[in-house]
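These notes are about the structure you will find just below.
The values are calculated or read from the model by the stated rules, or taken from the named source; none is laboratory data. Just so we're clear, the structure is a prediction, and the values are computed from it rather than from any experiment. With ideal geometry, Cβ positions are generated from the backbone for all residues, glycine too; neighbour counts draw on all protein chains shown. Areas reflect the complete protein model, heavy atoms only, side chains present, ligands, DNA and RNA absent. Shrake-Rupley method; radii C 1.70, N 1.55, O 1.52, S 1.80 Å.
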Amino acid sequence: MSKIAFQDCYIQSLSHCYGCGKNNPEGHQLKSYWLDNYEGSKTIAHFTPKPYHTAIPGFVYGGLLASLIDCHGTGSAAAVVHYKNNLTIGSDPTIRFVTAALNINYLAPTPIDKQLELVGEFSQVKDNKVIVDITLSTNNVICVKGEVVAVKMPATFK
Ligand SMILES: CCCCCCCCCC(=O)SCCNC(=O)CCNC(=O)[C@H](O)C(C)(C)COP(=O)(O)OP(=O)(O)OC[C@H]1O[C@@H](n2cnc3c(N)ncnc32)[C@H](O)[C@@H]1OP(=O)(O)O
């Protein structure tokens, strides 16, 4: 696992995302990395839900799970496009991705008292669009699968 999270390489002005921005103290501050020995192909993130992330007592609210998948997907998209072009993720000009589409399938209830593991793999990588398939697991049981279509952030977002 690399030492610096993808999201922590985002420039300050793009570090306020509720899901992953390091400058958002109220947010989830998700951190995504390359999976060990899979640089350029698989990504990983971990998150431990708080008791208030409850849906039904004992289980995690699905909107939170979608949010984690969303941010792991867009962070992974930025990382792979930099990797493919031999660029450093913090380099200038900044290349970032926003969510164009998010498809979530809840396969099993997600226990709230366990660390969650998200693993991303790429089904399409283009400079302007990346599709990331993500599994969210606890104790090696896949609870949620998601597909994130991430599109290069247009200049109008700045
Ligand atoms: C941002 C940096 C900081 C980190 C923050 C992390 C972000 C966290 C995730 C988010 O919450 S982002 C906020 C939620 N997302 C948005 O608000 C996006 C709103 N939508 C837009 O701004 C535009 O619709 C969008 C940038 C997604 C696409 O507009 P474009 O004009 O760039 O798209 P274009 O028509 O050029 O299409 C480019 C490619 O994307 C595809 N595409 C566009 N919209 C799509 C869509 N909705 N679903 C699937 N594919 C889509 C399109 O088919 C095409 O694929 P191909 O290159 O393969 O032909």
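Numbers below:
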{"quantity": "Carbon and sulfur %, accessible surface of the chain computed with the full protein complex present, 1.4 Å", "calculated": "53 percent"}
{"quantity": "Between the range 25-93 and the range 109-158, the alpha-carbon center distance in angstrom", "calculated": "7 Å"}
{"quantity": "Two-site label geometry, residue 39 and residue 151: point separation in nm, points 7 Å out along Cα→Cβ", "calculated": "3.2 nm"}
{"quantity": "Cut-off 15 Å (backbone N to label point 7 Å along Cα→Cβ of residue 24), residues of the range 100-133", "calculated": "100"}
{"quantity": "Cα point-scatterer Debye curve for the range 14-93, base-10 log of I(q)/I(0) at q = 0.11 Å⁻¹", "calculated": "-0.34"}
{"quantity": "Whole-number accessible area per residue in Å² for the range 6-157, which is evaluated in the context of all protein chains at 1.4 Å", "calculated": "50 Å²"}
{"quantity": "28 Å Cα-Cα threshold exceeded, pairs from 3/50; 22/50; 114/152", "calculated": "114/152"}
{"quantity": "For the range 1-125: relative contact order, % (alpha-carbon pairs under 8 angstrom, 6 or more apart)", "calculated": "29 percent"}
{"quantity": "Accessible heavy-atom area order of 74, 99, 88, highest first, probe of 1.4 Å", "calculated": "88, 99, 74"}
{"quantity": "Per principal axis, descending, Cα span of the range 20-158 in whole Å", "calculated": "45, 30, 24"}
